[in-house]
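Notes follow the structure.
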Amino acid sequence: ICSAFNPAGIIPPMQARRLDRCSRFAWVALAQTFNDAGLDPKSGIGDRAAIAAATMTGGSEATETFLRPYYERGPAGASPLVFPNCVANAAAGHLALAFGLKGPSTTQLDREGGGFAALDQASRWLRGGFCDVALVVGLDGLFPMLGTVCGAAGLLARHGDPVAHSGRGFLPGEGAVALVLERSADAAARGARIRARLGALAQRSALGPGDRATALADAVAEACPDRPTRWIGGANGHPQLDRLEAALR
């Protein structure tokens, strides 16, 4: 749980009260990212700026907040102020309005795979000329019902790090991260401090496990001339995903 979070000075108080928890995280993360990247969203870049968000729990906290009074008091208990946040792409909408982002927008719901899906979509937009800057944002928030549902489904890791085949499931957390994705030439032209370069993405239209494993292996070969010393996987014991990662190892 992110217990020391304070968006004061970044999010106007009136707007902060209308945001759900993970939208506040995302707003602050994106503000910090613009500052680190040396980009001023008020300079007009928003006309050619896209946003690709990824979340597992976006909209769920607001849905619980909206439904509990409804169940207790009927329709009169439902708050119209909370309702707009009940969809997963609400955070992307809030960010677009706050920072003037007028390019394409998407929200990926793919648990731990969502961040990579958002990165993939953002890179496609750049290659296709749909934008000049793409903001990739990952966001999640904890709320009571999440623990109840995941616990009842046996998905929670109650101690230590998640381990494949352990039966302990995953360890949920909350917060947000954001990055600016742009073409190398554009970043160099404005003298940006480049944090990382995207070497390759695994892309295949076919859905067969063999094709996916080949795409992953091809991307690793392109991005990593030397064998990686660490692997980060998100299969969580799912047999089909474990088979894909086993092919890489």
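The values are calculated or read from the model by the stated rules, or taken from the named source; none is laboratory data. In this text the structure is predicted, and so the values were computed from the model without any measurement. Every residue, glycine among them, receives a Cβ derived from its backbone with ideal geometry; neighbour counts consider all protein chains shown. Please note that ligands, DNA and RNA were not included when accessible areas were found on the heavy atoms of the full protein model with its side chains. Shrake-Rupley method; radii C 1.70, N 1.55, O 1.52, S 1.80 Å.
Looking at the range 57-141, the accessible area is 50 square angstrom per residue; that uses a 1.4 Å probe and ignores ligands, DNA and RNA. What residues have an amide H closer than 5 Å to that of T107, excluding those fewer than 5 places away on the same chain, when H is modeled at 1.01 Å from N in the peptide plane? Close amide H contacts, sequence-distant or interchain: A53. For V180, the accessible surface of its heavy atoms amounts to roughly 40 Å² (probe 1.4 Å, protein chains only, rounded to the nearest 10). Only protein heavy atoms count here; on that basis, with a 1.4 Å probe, S23 has an accessible area of about 0 Å².
Ranked by accessible surface with a 1.4 Å probe, highest first, in what order do D226, D110, D20 come?
Working: D226 120, D110 85, D20 10 Å².
Largest accessible area first, the residues go D226, D110, D20.
Label sites at T148 and C2, each approximated as a point 7 angstrom past Cα along Cα to Cβ, lie 2.4 nm apart. Among the protein heavy atoms, those of V136 account for about 10 Å² of accessible surface (1.4 Å probe, every chain in place).
Annotation: amide H of N89 has no partner in the under-5 Å range at sequence separation 5 or more or interchain, hydrogens built in the peptide plane.
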